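A short write-up of the structure that comes next.
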Amino acid sequence: MKMHIREFAKLTGVSVRTLHYYDEIGLLNPSFVDEQNGYRSYDERSLERMQEILFYRELDFSLKSIAEILSSPNYNKRKALIEQKRLLTLKKDRLERLIKALDSAVKGEIVVNPNLFDNSEFEKAREKYAQEAKEKWGNTNSYKEYTEKTASYTKSKWDMINSDMKDIILEFADCMKNGVNPSDSSVQAIVKKWQEFITENYYLCNNEILYGLGEMYTKDERFRINIDNYGNDTAEFMSEAIKVYCNC
């Protein structure tokens with residue numbers, strides 16, 4: 001699935017100008033940019049990312065906080081969605097109380113309730129979640145190194161990194177399609193290249209971290225779907241190759 005920026009804006013209810021801004025700050029980048037005319041396109045992964053952003057925006061998280069949470073190497077989407085639902089339920093309960101009070105006011109009743117407009121429960125829960133999210137997904141040496149290293153990256157730098165990343169994943173995909181075993185020396189050389197790519201562009205990727213990433217490529221649907229776009233079962237192939245590499 002591939003959508004032009006205007007189609008994507010209409011589908012998500014976000015303006016084209018906002019999408020340009022999200023791209024500038026690295027919150028949501030297009031899946032493809034035509035080098036000849038500069039047209040931006042978005043795909044299913046973009047929709048998934050936008051959904052996460054919109055949930056956080058509905059909960060009044062700042063764009064900076066959203067970017068920090070979503071870009072963390074340890075981000076757990078399922079746990080995040082569960083907590084977002086809890087926060088939105090608190091918000092819904094408060095709105096229902098207000099609507100009920102308005103119905104009474106329409107009937108001419110005077111509603112005096114010190115807790116009616118109190119939003120402290122939601123605010124405290126949101127602040128607690130934001131803090132816990134940063135502690136779970138942000139307070140790691142890898143994440144700190146990631147934020148420091150990428151803070152000065154320009155759009156052209158990100159484009160180059162994304163291009164290099166795709167090239168390496170395609171190497172894995174080609175080996176898999178050609179029936180090469182994950183333990184083959186040629187595949188292991190690609191794993192080493194992948195590890196060096198992560199270290200150079202994001203954070204120090206030792207074997208322990210690399211092994212964890214390999215596990216995540218198959219267990220986290222976000223990564224599996226994205227990687228498998230290069231070829232069915234590429235994520236599984238990468239994961240197996242990384243296991244061999246890290247156990248050597």
Which parts of region 1-24 would a label at ASN37 reach, counting a residue when its backbone N lies under 14 Å from a point 7 Å out along Cα-to-Cβ?
3-7
Accessible surface of LYS2 in the full protein assembly, 1.4 angstrom probe, to the nearest 10 Å²?
130
Give me the three principal axis extents of region 157-248 from the C-alpha atoms, as integers in angstrom, largest value leading.
34, 28, 24
Measuring from label point to label point, each 7 Å out along Cα→Cβ, what is the ASP174 to ASN162 span in nm?
2.2
Relative to the present Cα-Cα distance, how much length would full extension add between THR89 and PHE197 at 0.36 nm per residue of separation?
34.7 nm
What figure in square angstrom, to the nearest 10, would you give for the accessible area of LEU95 with a 1.4 Å probe?
90
Using only Cα atoms, locate the centre of region 176-228 and the centre of region 63-95, then give the distance between them in Å, rounded to an integer.
28
With all protein chains in place and a 1.4 Å probe, ASP167 shows an accessible area in Å² (nearest 10) of 80
Calculate the spin-label point distance for HIS4 paired with GLU48, positioning each point 7 Å from the Cα along the beta-carbon direction, and give it in nanometres.
2.7
Linear extension gain, SER185 paired with ASN232, 0.36 nm per residue minus alpha-carbon span
14.7 nm
Once you put a point 7 Å from the Cα of ILE225 and another 7 Å from the Cα of SER62, both along the Cβ direction, what distance in nm separates them?
3.0
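Which length gain, in nm to one decimal place, applies between VAL106 and ALA151 when the Cα-Cα distance is subtracted from 0.36 nm times their residue separation?
Between VAL106 and ALA151, full extension yields an extra 10.9 nm.
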Stokes-Einstein D in µm²/s, Kirkwood radius over Cα pairs - region 196-237 at 20 °C with 1.002 mPa s viscosity:
198
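The values are calculated or read from the model by the stated rules, or taken from the named source; none is laboratory data. The structure presented is a predicted model; accordingly, all values stated were derived computationally and were not measured. Glycine gets a Cβ as well: all are built from the backbone with ideal geometry, and neighbour counts include every protein chain shown. SASA here: full protein model, heavy atoms, side chains in, ligands and nucleic acids out. Shrake-Rupley method; radii C 1.70, N 1.55, O 1.52, S 1.80 Å.
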